[in-house]
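A quick write-up on the structure given underneath.
The values are calculated or read from the model by the stated rules, or taken from the named source; none is laboratory data. The structure displayed is predicted, hence computed values, not measured ones. For neighbour counting, all protein chains shown are included, and Cβ atoms are generated from backbone atoms with ideal geometry for every residue, glycine included.
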Amino acid sequence: MAFLTLDNVSHYYFSTTGYTKALENISLSIEEGEFVSIIGPSGCGKSTILSIIARLMEQTEGQIKLKNEALTDSSLNIGYMLQQDYLFPWKTVMDNILLGPKINEQITDQTKIRARQLLADVNLSDTEDDFPSELSGGMRQRIALVRTLITNPEILLFDEPFSALDYVTKLKLENLVAKLMKSYNKTAILVTHDLGEAISMSDRIFLMESAPGRIAKTFVVPEELRNEAPFFVRRHPKYQPIFDEIWNHLSDDMSDENEGDD
Amino acid sequence: MKETIDRILHDNYLKNIRSEQRVVTVWQAVILIAFIAIWEVASRLRFIDPLLFSSPTKVSQLIYEKIVDTSMLNHLQYTLFETILGFIIGTVLGVIIASLLWTWERFARISDPYLVVLNAMPKVALGPIIIVALGPGLLSIIMMGAIISVIITTLVVYSAFNEVDPNYQRVLKSFGATRAQCFKEVIFPATLPTMISTLKVNVGLSWVGVIVGEFLVSNQGLGYLIIYGFQVFDFTLVMASLVIIAIFAALMYKGVEKLESWLIKHTT
C-alpha cells in the first residue's frame, strides 16, 4: 500500500492580472521509507508540490491521500526543511530545536534528551547554548535538520536544503541526511536542481517539465546505488549511465523550449 | 619585532581617532560659547532688543533663582511626568493597534484610509477637542503627548510586522502553529528592534504634544511658563523655559537611546 498518494493534483496561482497553472494532473505515489527526488527547470512547480503536501496551501484540484485516507491539516506530521536554515536568531540552538515540541506543547525531559541525542548524531553536541549567528552555514543547516527531526515526522520534505552551502559542506550533509533517513527509515521528498544530488540520494526521481508543471518521466535509481552513501554513489560505475539518461531528457526539454521561443 | 610594529600601528590608529574626537569636541564648545557670547554682547550693545531677546546672564540668573525657590523643579516635574507617560502610552497603544491590524487583515484593509487621514492630520489640531472631551487638566495633556505618536507607531510597527520573512512562519506552520503562535514566536520578537526604535522618535513627538497641551490649558509646567512669560511680556522667562526644555529633551533622548541599546542587547 502506498504511503502517500497524489491523485491528479492541479494547482493555479491567481493574481489580479490573470492566473498561472503551476501544476497539472500530478499523480504519484510514494512508499513508506522511500526517498524520492523531484527535479526540473526552475518554475516548474517543484516547491509548490511540497507546500501542498505540507498543507501550507490547498491544491486547486485533485486529491492527496495518506495511507488511503484523505490528507487533512492535522493528519500528517511533516518535517519541512527549506533552502536556508531559518533558525530564529534570537533563540539559542536548543530553543530553536524545541520549537516544534513547544508549538505542540509537548516539551518534556524526554524531548530534551532526544534533542541532545540528535545533536550528537549531527556532531554538534556542544552547541546547544550557542546562538545561530555563532555557527557556520553548514552547522546551522544541521541544526535545522535536527529541528525538523525532533517532532519525529512521518515524512520529510526537503526544498533544496543544500543549495546555499559550499560544495564540501554540501557533500558532507548529503551523506549525513542519507544516513539518518536510512537509519530512521523515513519517507522523504527532496526537491533539487542538482541532478547528481538527486541520483545519489534517492530511490526514485521524478523529472518535471514546466508551464504547466507536469511529471515528464520517472526514473528508478539502480538497486546498487541506493544503499551507498551519496559521496560514493557519484563514483559508482552505474552512476554515469543513469546520469546521462536523465541528462538527455533534461536537454531534450531545453531544446524543446528553444524551438518554442522561435 | 613584528608584534611591536603591529602595536605601534594600532597605537597610531587609536591616537588618530582620539585627536579627531578632540577637534570635534573643541569645535562644539567653541560654537556654544560663541553663541552665548554673541547673544550677550548683542543684547548689551542693543543690537537686539534686550526686552524681547533677553540675555544669557539674565536667563541664567532667573534659572538660578527659580531653582533655589524650587518653582522650576515643580514645573519641570510636571512636564516630565506628562511627557514620559504620553510617550509610553503612545508607543504601547500603537503596538497594540498594530497587533490587532495584523490579527485581522480585513480590519487592516478597512481601517487603512482612516489611518492615512489620521496620520496626515496634524494631531495638535485635535487639542481643543481633547480638552473639551477629557477636561482641562493633566489627563488631556498626557493624551496630547500620546495621540501625537500613536498613529505613526501603529503604521511603522504594522509595516514591520508585514516585512518579517514569511519563511519563518512557514517553519512554524509546518509544525502546525496557529496564527497566534506565529505572532508570539516570530512576528513579535522579530520586530522588537523596530518597536524599540520607535521609542526614540516618540519621545521627541511627545514633547511637542505636551508643550502644546500646556499652552492650551495648563497652569503648571514648562509649556505654561512659556505662554505665561509671553502674556506678561517676560521673555527672560520664555528663554529660561526653552533652555530647560532643550536640556531635558536631550537628556531624555539620550536616556531612551541607552535603553534602546540595552534592550537590543538583552532581547535579541
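Brief remarks on what is shown
- Residue pairs whose Cβ atoms lie under 9 Å apart, separated by 6 or more positions or on different chains, with the first residue in region B:177-191 and under 21 Å from residue A:78 (Cβ atoms) and assigned by TED's automatic domain parsing to the domain that holds residue B:166 and the second acidic (Asp, Glu) and surrounded by fewer than 20 Cβ atoms within 10 Å (Cβ to Cβ), are B:186/B:165.
- Residue check for residue A:112: away from chain B (no Cβ under 11 Å), among the charged types (D, E, K, R), more than 17 Å from the chain's Cα centre (by Cα) and assigned to a helix (DSSP H, G or I): yes
- Sub-9 Å Cβ pairs linking a first residue in region B:153-171 that is over 28 Å from residue B:206 (Cα atoms) and outside the structural domain of residue B:193 (by TED's automatic domain parsing) to a second residue that is assigned to a helix (DSSP H, G or I) and at pLDDT 95 or above, at least 6 apart or interchain, number zero.
- Filter pass, residue B:193 being surrounded by fewer than 19 Cβ atoms within 10 Å (Cβ to Cβ), modelled with pLDDT under 90 and within 14 Å of another protein chain (Cβ to nearest Cβ): yes
- At least 1 residues being surrounded by 14 or more Cβ atoms within 10 Å (Cβ to Cβ) and more than 14 Å from chain A (Cβ to nearest Cβ) is the threshold, and among the helices (runs of 4 or more DSSP H) wholly inside region B:77-175 those reaching it are B:105-120, B:127-134, B:138-163.
- Test for residue B:184: is it within 14 Å of chain A (Cβ to nearest Cβ), more than 26 Å from residue B:136 (Cα to Cα), among the charged types (D, E, K, R) and surrounded by fewer than 16 Cβ atoms within 10 Å (Cβ to Cβ): yes
- Subset of region A:88-98 (residues that are surrounded by 15 or more Cβ atoms within 10 Å (Cβ to Cβ) and at the interface with another protein chain (Cβ under 9 Å from one of its Cβ atoms)): A:88, A:90, A:91
- Meets criteria (touching a Leu at 6+ places or on another chain (Cβ under 9 Å) and in the same structural domain as residue B:222 (by TED's automatic domain parsing)) for residue B:83: no
- Region A:124-134: number of residues that are of a type in the set (Asp, Glu) and either within 10 Å of chain B (Cβ to nearest Cβ) or farther than 26 Å from residue A:175 by Cβ (or both): 1
- Here residue A:7 fulfils each of the conditions (1) in contact with a Phe, Trp or Tyr (Cβ under 8 Å, 6 or more places away or on another chain); (2) at pLDDT below 85; (3) acidic (Asp, Glu) apart from (1).
- Elements of type strands (runs of 3 or more DSSP E) contained in region A:1-108, each with 3 or more residues being hydroxyl-bearing (Ser, Thr, Tyr) and closer than 28 Å to residue B:165 by Cα: A:4-15
- Answer residue from region B:49-76, given it is surrounded by fewer than 15 Cβ atoms within 10 Å (Cβ to Cβ) and part of a loop (DSSP other than H, G, I, E, B) and is nearest to the chain's Cα centre (by Cα) among those: B:70
Each row is one residue, and each column tells you yes or no for (1) closer than 22 Å to residue B:173 by Cβ; (2) in the same structural domain as residue A:193 (by TED's automatic domain parsing).
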site	(1), (2)
A:48	yes, yes
A:64	yes, yes
A:67	no, yes
A:103	yes, no
A:113	no, no
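- Residue check for residue A:121: within 14 Å of chain B (Cβ to nearest Cβ), buried (at least 18 other Cβ atoms within 10 Å of the Cβ) and within 22 Å of the chain's Cα centre (by Cα): no
- For region B:71-129, the candidate set comprises residues that are aromatic (Phe, Trp, Tyr) and in contact (Cβ under 8 Å) with a residue 60 or more places away in the chain; within that set, the residue that is farthest from residue B:189 (Cα to Cα) is B:78.
- Filter result for residue A:170 (part of a helix (DSSP H, G or I) and free of Cβ contacts under 8 Å to residues at least 40 places away in the same chain): yes
- Close pairs from region A:7-32: first in the same structural domain as residue A:62 (by TED's automatic domain parsing), partner surrounded by fewer than 14 Cβ atoms within 10 Å (Cβ to Cβ) and among the β-branched types (Val, Ile, Thr), Cβ under 8 Å, at least 6 apart: A:28/A:218
- Given (1) surrounded by 21 or more Cβ atoms within 10 Å (Cβ to Cβ); (2) of a type outside the set (S, T, N, Q); (3) modelled with pLDDT under 85, index of the condition residue A:18 fails: (1)
- If only residues of region A:42-74 that are touching a helix residue (DSSP H, G or I) at 6+ places or on another chain (Cβ under 7 Å) and away from chain B (no Cβ under 14 Å) are counted, the one that is surrounded by the most Cβ atoms within 10 Å (Cβ to Cβ) is A:59.
- With respect to being surrounded by fewer than 17 Cβ atoms within 10 Å (Cβ to Cβ) and within 14 Å of chain B (Cβ to nearest Cβ), residue A:106 fits the description.
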